[in-house]
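The values are calculated or read from the model by the stated rules, or taken from the named source; none is laboratory data. Everything numeric in this text was worked out from a predicted model, so none of it was measured. All Cβ positions, glycine included, derive from the backbone under ideal geometry; neighbour counts span all protein chains shown.
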Amino acid sequence: MKNNLVQQLKNLKNHPCAGAADSLWLAKNREILLMQVRNTMPARISDKAIHVAFISSKAKQFIRWYVSGGTKWGIAFRGSVALLMVILLPMTGWVTSVNAALGSVPGDTLYGLKIVSEKVQISLTTDRTTKIKLRSQFASRRADEVRKLAAKPDAQTNAHVKEAVEKLSVEITTVQRNLEEIKAEKKENPEVIIEAARVVDSATDAIAKVLETTETTTAATEIQAAKTLVDSVGVSAIRTLITTKNDIVLTVTDKEITTAIVEKIKSAETQLLSVEQAIVATTSTVSVPAAKELQQKFDAQVKNAKDAVQNAVDSVKNQQFENAIDKVKEAKQLVSETEKLLSSVASSVKDESAPSGTPRATQ
Amino acid sequence: MKPQNVKQLVLNLRHHPDPQVFAKIYDGYAPKIYRFIFFKVNDENDAQDLTSEVFLRAWSAIREKGVEVERFTAFLYRIARNAVIDHYRTRKQNVTIENVRETEIENFVAHTPLESLENVEDLALVHKALGSLKEEYRELVVLRYIDELSIMEIAQIIGKNAIATRVAVHRAMQALKKILNRLST
């Protein structure tokens, strides 16, 4: 009997109700984990940097040999050797400095070096899919920088937060543009398109989570705009999966698309819940007549967003994926508009309650 | 994942932290860690979040402190246990899969792949019995018979010696059989 029981227990291993992990989640989580792990690593030493370091060390030996001996050749070459040193020697510090720069944020001394090293990596990459992976990784770094900076609010940091947000927006916009370019160029190779779309989907999910957990009282508008942009790029990546899947019946399964859309629906529901809580908090700070009017306006927005989410859920159940992703996009847009409205109401309430004689807050 | 492969990967990781190597370790352990956590929290989303957290913590620990190659499995499972404890502390709840409702057996059957439908009711009963075990016993049964860890590995995870662990596993199985008999009648 024990053997039978042991066998039964082993048979439970692959049952979904007994903790068998969904293979799609495992794969997606792997990509997100790799991205997070890479963010903690020193910048990859490019072949060019190694080559420069090698040349520089050889140059030093050369200089010692010619100059120290006091030969006629040493004297003759002194001028050009000095010029070579000026160009090459600073580059020996490149690799060490880039490693040190990895944890820097806007405002730190080495931040410029961090950005330059990223640009070097992009310029040395010819494959478009690899570029998308790199840019997604860099966008993820920008999101981490935003979160780190937002945690220490002061006048100077606020400017840096905005700088990081702007860089994130530029990076993610470029990712989307690269994805569109791949779609246009690689029609005969849909696997490449699908791989790129998956990378973008994973990256935008991870970045959205970071931004959602970033708490800040300033630069909120900019961060909100970045969140909207990231969501939109993520939705666009899923749409790419759907349209590419419709062109070929191969590796993109209905289950993968369903899982990806369900993730977006869950994200929209979470945002909706936050918005509802924020509405209650905001309307309690205004006068009763104004609160009533605001409440009606917000209720209408929230209802439309909820309807859109429900539509998305129903569409997924019926495997109408294009409609589902459209509804998710609609829901997120409605939530975003409601958040902007809430933000402006909160600002005007703050202004009205500021003591007279104190300067009004400007945006 | 074969022990020799794990040792080699962990050795490589210790001397040269490489995300790709870490990814291989993830591939080998993620399903087990997920299942281990799932049996404790009984929620897919929580289990997914905690699994991610376990691997991130493991990565940090490897980079900062290094880890004994021989005890890597125990190291990972201990992180998982601690992550679940922290999760309970945060959520202030202690959800277990005891008292599985009758309808969940229907759910179990509904999720069973077609090719495994033979004896599915026996399987569902075993699953329900497992849920009714006290947590300490359930953990032992999962580690020994589902994750198929050795007694030594389990001992390292739970912090007991091998003999005490073997006795505890035996007791857990006895308890499971008792519950199964009760459910079958």
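Things worth noting here:
- Hits in the stretch A:260-295 (condition: of a type in the set (Val, Ile, Thr) and in contact with an Asp or Glu (Cβ under 8 Å, 6 or more places away or on another chain)): A:THR270, A:VAL275
- Yes/no for B:LEU140 being assigned to a loop (DSSP other than H, G, I, E, B) and away from every other protein chain (no Cβ under 11 Å): no
- Residue in the stretch A:272-284 that is assigned to a helix (DSSP H, G or I), among the small types (Gly, Ala, Ser) and surrounded by 18 or more Cβ atoms within 10 Å (Cβ to Cβ) present: no
- Which listed residue, of B:LYS40, B:LYS32, B:LYS24, is within 14 Å of the chain's Cα centre (by Cα), closer than 20 Å to A:ALA27 by Cα, more than 8 Å from every other protein chain (Cβ to nearest Cβ) and surrounded by 14 or more Cβ atoms within 10 Å (Cβ to Cβ): B:LYS32
- Residue check for A:LYS162: free of Cβ contacts under 8 Å to residues at least 40 places away in the same chain, closer than 25 Å to A:SER343 by Cα and among the basic types (Lys, Arg): no
- Taken over the stretch B:33-50, the criterion of being in contact (Cβ under 8 Å) with a residue 24 or more places away in the chain and in a helix (DSSP H, G or I) is satisfied by B:ILE33, B:ARG35, B:PHE36, B:ILE37, B:PHE39, B:LYS40, B:VAL41, B:ASP46, B:LEU50.
- A:ALA260 being among the small types (Gly, Ala, Ser) and within 25 Å of the chain's Cα centre (by Cα): yes
- Checking each residue in the stretch B:43-60 for being buried (at least 22 other Cβ atoms within 10 Å of the Cβ) and more than 8 Å from chain A (Cβ to nearest Cβ) picks out B:LEU50, B:VAL54, B:ALA58.
- Pick from the stretch A:33-50, criterion more than 7 Å from every other protein chain (Cβ to nearest Cβ), crowded, with 16+ Cβ neighbours inside 10 Å and assigned to a helix (DSSP H, G or I), ranking: modelled with the lowest pLDDT: A:ALA49
- Pairs, first within 21 Å of B:MET173 (Cα to Cα) in the stretch A:7-35, second among the acidic types (Asp, Glu) and part of a helix (DSSP H, G or I), C-beta under 8 Å, six or more apart: A:GLN8/B:ASP122; A:CYS17/B:GLU104
- If you go through the stretch A:116-139 and pick out every residue that is buried (at least 17 other Cβ atoms within 10 Å of the Cβ) and within 25 Å of A:ALA208 (Cβ to Cβ), you end up with 12.
- Matching residues in the stretch A:15-32 - criterion: being facing chain B (nearest Cβ under 8 Å), assigned to a helix (DSSP H, G or I) and not small (Gly, Ala, Ser): A:PRO16, A:CYS17, A:TRP25, A:LEU26, A:ASN29, A:ARG30, A:ILE32
- Qualifying residues in the stretch A:199-224 (those that are out of contact with any Leu (no Cβ under 9 Å at 6 or more places or on another chain), charged (D, E, K, R) and buried (at least 19 other Cβ atoms within 10 Å of the Cβ)) - the one farthest from A:GLU163 (Cα to Cα): A:ASP205
Per-residue answers, yes or no, for (1) surrounded by 13 or more Cβ atoms within 10 Å (Cβ to Cβ); (2) at pLDDT below 90; (3) under 17 Å from B:ASN42 (Cβ atoms); (4) charged (D, E, K, R):
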| residue | (1), (2), (3), (4) |
| --- | --- |
| B:GLU115 | no, yes, no, yes |
| B:GLU135 | yes, yes, yes, yes |
| B:TYR145 | yes, no, no, no |
| B:ILE158 | yes, no, no, no |
| B:VAL169 | yes, no, no, no |
| B:ALA175 | yes, no, no, no |
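- Residue, farthest from A:LYS227 (Cα to Cα), within the stretch A:325-350, restricted to residues that are surrounded by fewer than 19 Cβ atoms within 10 Å (Cβ to Cβ) and aliphatic (A, V, I, L, M): A:VAL349
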